[in-house]
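Comments concern the structure below.
The values are calculated or read from the model by the stated rules, or taken from the named source; none is laboratory data. What you see is a predicted model; the values in this text were computed from it and never measured. Virtual Cβ from ideal backbone geometry, glycine too; neighbours counted across all protein chains shown. Quick note on the areas: whole protein, heavy atoms, side chains included, nothing else; ligands and nucleic acids left out. Shrake-Rupley method; radii C 1.70, N 1.55, O 1.52, S 1.80 Å.
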Amino acid sequence: MQQHIIKKPSFNFGRCAPTSSLFNVASAPAEPAIDKVADTKDSSSIVPDVSSTERRENNHLFTFPGVRPYLESQWRDVEWTEEQKTSLMKTVSSYKPSSGEVTQAQVLLLGPVGSGKSSFISSVQSVFNGRVTNRAMVGSSSTSFTKKLQSFNIHGQSGEDPTGLVLCDMVGLGGGEMTGPTLHDIMSVIKGYAPEGHKFSPDQPVRSETVGYVKRPSLKDKIHCVAFVVDASKILTYPKGLNTTFQQLREHISDLGVHQVALLTHIDQVCSETYKDVTQVYMSPIIRDMMGKAATLLGMSTSYIIPVRNYSSELDLDVNTDVLLLTAVDHILQYADLYFQDNTRQNTGPKID
């Protein structure tokens, strides 16, 4: 059978000229990220990446925007109860893909460096572990800590078998001295050609000669849903070209029939009330505005975007944070299953001679 080799495109997300760089973070003294979000006038300016851990442990590093009137009711209906958490955990734990060919849905997290991809993976596993754990290594600089393709099976409670969800992490979309992945490599991952543990390098794209290259990927090797991850505290300071990058990514991913959703992280860093009480997330006009800006950045409706708060400096779980995280996972699984439903319909359709 003919090998599928993806030609390297003429553009590279990670290696752009300095004047049009989409992801490289300029070297500059550390400044409060929140002050930039609240006060910046030039949306193309770039601020250093300050980790969420640093921001929470050093409250003096940032200040919140001015207080704005809160909404009279939640703009999304969420039950903030222990019962809701238990129900969501059961839903996620019992999930099975609606396809006899696979036992787990593979979801790829894609986003700029420091957006919170690895933190989200660790936070979700923490919910099921019953304690805060850092399963996916998380960095605290402007460079991507994740250098290779890693898949994380989300396990159920008390050492249960893995759930039907696998969260896949890869190098962030640029930043600092690191270059981001090329469109070619991202699509290789989604199509199932890239092997587990592959270390990404712009000079060594995924190709048939790559060690572990999957020549004939089956359904289980492919990505079944893509979750874009963006940082609410950097929405106004992301480079202007990032919008084009996301658009190009989404068009290529859509051509494969893969559904896409998004996570808006660090919401507690842009709203003081949500910082104190995460149940205020859907009462906050600030968060709602950031959701709209994220939708514009990504080129998708806000109905596909879920705000989340990852665990970072905390040692104990919070039921409301858990509900928000599990709601995001449930949202992701719904769209992953649409992929299986679509492919099942295609595979069982009438044969054409």
Accessible-area order (highest first, 1.4 angstrom probe) of the listed residues 94, 272: 94, 272
Which percent of the accessible area of segment 188-241 is formed by carbon and sulfur heavy atoms (probe 1.4 angstrom)? 47
Which percent of the Cα-Cα distances in segment 213-353 go past 22 Å? 48
Rank 203, 268 by accessible area, highest first, at a 1.4 Å probe radius? 203, 268
Where does each of 244-257, 207-220 land if you order them by average Cβ count within 10 Å, highest first? 244-257, 207-220
For residue 255 and residue 103, compute 0.36 nm times the residue count separating them, minus their Cα-Cα distance, and round to one decimal in nm. 52.3 nm
Express in Å², to the nearest 10, the accessible area of residue 315 obtained by rolling a 1.4 Å probe over the protein heavy atoms while all chains stay in place. 150
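Compute the signed sum of charges (Lys and Arg +1, Asp and Glu -1) over the other residues within less than 13 Å, Cβ to Cβ, of residue 253.
On the way: positive: 191, 222, 250; negative: 251, 255.
For residues surrounding residue 253, the net value is +1.
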Residue 228's amide H: which non-local residues (gap 5+, or another chain) put their own amide H closer than 5 Å, with H modeled 1.01 Å from N in plane and none for Pro or chain starts? 110, 261, 262, 263
